[in-house]
Structure formats: C-alpha cells, structure tokens
1. Quick one: what pairs do we get from the stretch 90-114, first residue loosely packed, with under 14 Cβ neighbours inside 10 Å, second of a type outside the set (Ser, Thr, Tyr), C-beta under 6 Å, 6+ apart or different chains?
2. Could you grab me the full set of residues in the stretch 28-40 that are exposed (fewer than 13 other Cβ atoms within 10 Å of the Cβ) and either under 18 Å from the mean Cα position of the chain (by Cα) or not small (Gly, Ala, Ser) (or both)?
3. Considering only the stretch 44-54, I want to know if a residue exists there that is farther than 21 Å from residue 146 by Cβ, of a type in the set (Val, Ile, Thr), in a strand (DSSP E or B) and at pLDDT 90 or above.
4. Name, by its number, the condition in (1) of a type in the set (Val, Ile, Thr); (2) at pLDDT 90 or above; (3) closer than 19 Å to residue 151 by Cα; (4) within 11 Å of the chain's Cα centre (by Cα) that does not hold for residue 78.
5. Is there a residue being in a loop (DSSP other than H, G, I, E, B) and modelled with pLDDT of 90 or more anywhere in the stretch 25-40?
6. Go through the residues of the stretch 16-27 one by one and say whether even a single one is closer than 30 Å to residue 124 by Cβ, without any contact (Cβ under 8 Å) to a residue 40 or more places away in the chain, touching a Leu at 6+ places or on another chain (Cβ under 9 Å) and surrounded by fewer than 20 Cβ atoms within 10 Å (Cβ to Cβ).
7. Just name the residue that is modelled with the lowest pLDDT out of those in the stretch 57-75 that are among the charged types (D, E, K, R) and at negative phi.
8. Quick one: would you say residue 108 is closer than 30 Å to residue 4 by Cβ, out of contact with any strand residue (DSSP E or B) (no Cβ under 6 Å at 6 or more places or on another chain) and in a helix (DSSP H, G or I)?
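The values are calculated or read from the model by the stated rules, or taken from the named source; none is laboratory data. Here the structure is a predicted model, which means the values were calculated and not measured. Reconstructed Cβ throughout: ideal geometry from the backbone, glycine too, with neighbour counts over all protein chains shown.
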Amino acid sequence: MSTSIIDGTVEHAVPGRSSRGGVTVFKSIRFQLDDGSSHTVVKSVVQRDVAAEFTPGSKARFYLFKAFDISGVHGVRTPDGRAIYAFPGNNQRIFLMAGIANLAWIAVRLATDGGIPILALALLILSVVGWTLMSKGRTEAKAQFDGDAGYSGTPAQAQTSPL
C-alpha cells in the first residue's frame, strides 16, 4: 500500500457512482497544488464525509491511499483546523463476506461429496489476501493521518510532506 499527501485547492471534481454505504467514486478530481502545478486523481474512492470537501475552491491537505488496486482519499485537514478521516472500507467487508461464503461452500462440499472445489479454494485464498491487504491499507492510512495531526495549514508547513 502507498499513501501520499496533496496540499492544494480543488479546481474541479467529477463525481461518479455512489453507494448506499456512503461511498462515492469520483471520475476525476483536479487539484491546483500550492507550488502552482496541477494534479489530477482519477477513479478515486471516497467516503461521504470526505467527499463533501471536494467543492471547487476548497483548500486543504488531502490524504490519498492506494491498496489492492483501489485508490482514494481517506482524509482532509483544512487550514481552519477541521480534520476529517473516513477510510472507505466497503471492499474489506466484501472480501470478508466472499471468504465466509467460500468457506461455507467448501464445508458443504466436504460434507456431501468429500471433496474440495478448486474454485472455492482459489476464491477463499483471494478473499484472505484481499482482506489482509485492505486491512493493512486501512492501518497505514490511519497512521499517516494521525501522524500528521500537527498540520496547521500555514504556508511554511504546507510545503513539507512527511513522505
């Protein structure tokens, strides 16, 4: 998993699909960085509380993550002192449910046929790996956000990044 920080202003955000769980996948988010350059993030998964900060003109420090081929924004710290953290964990729950379902499939087939379906075993392994990587991603994202708690939004600090 990797994490990064963007200090800048939201220029444009194009929301995509949203789920009932409060997750929005932004098609793109364009930032005007504090150094004058611009940066665009595509296909970014964001929880509702953090997504509310993606209005044009919003200046903040944005915390990004990438875990198991899923990227997104997990936190925002504004110059006025607001700190919003919300890691989109729906995929972690999906991996958990898939693992439980495949474990049940294996148990039923063992009880009825005495065999283990190869597909169920492969999907169980994938579920365990996916859940583990997403869990690690959540932990690293939280550590990154908490480790930057001293950020105040002043120009001197906005130019430095702990990464």
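1. Cβ pairs passing all conditions: none.
2. Within the stretch 28-40, 35, 40 qualify.
3. No.
4. Checking residue 78 against (1) of a type in the set (Val, Ile, Thr); (2) at pLDDT 90 or above; (3) closer than 19 Å to residue 151 by Cα; (4) within 11 Å of the chain's Cα centre (by Cα), the one that fails is (4).
5. Step one: of the stretch 25-40, the residues in a loop (DSSP other than H, G, I, E, B) are 34-37.
Filter once more, so that each one left must be modelled with pLDDT of 90 or more: 37.
Within the stretch 25-40, one or more residues are in a loop (DSSP other than H, G, I, E, B) and modelled with pLDDT of 90 or more.
6. no
7. Restricting to residues being among the charged types (D, E, K, R) and at negative phi, the top hit is 66.
8. No.
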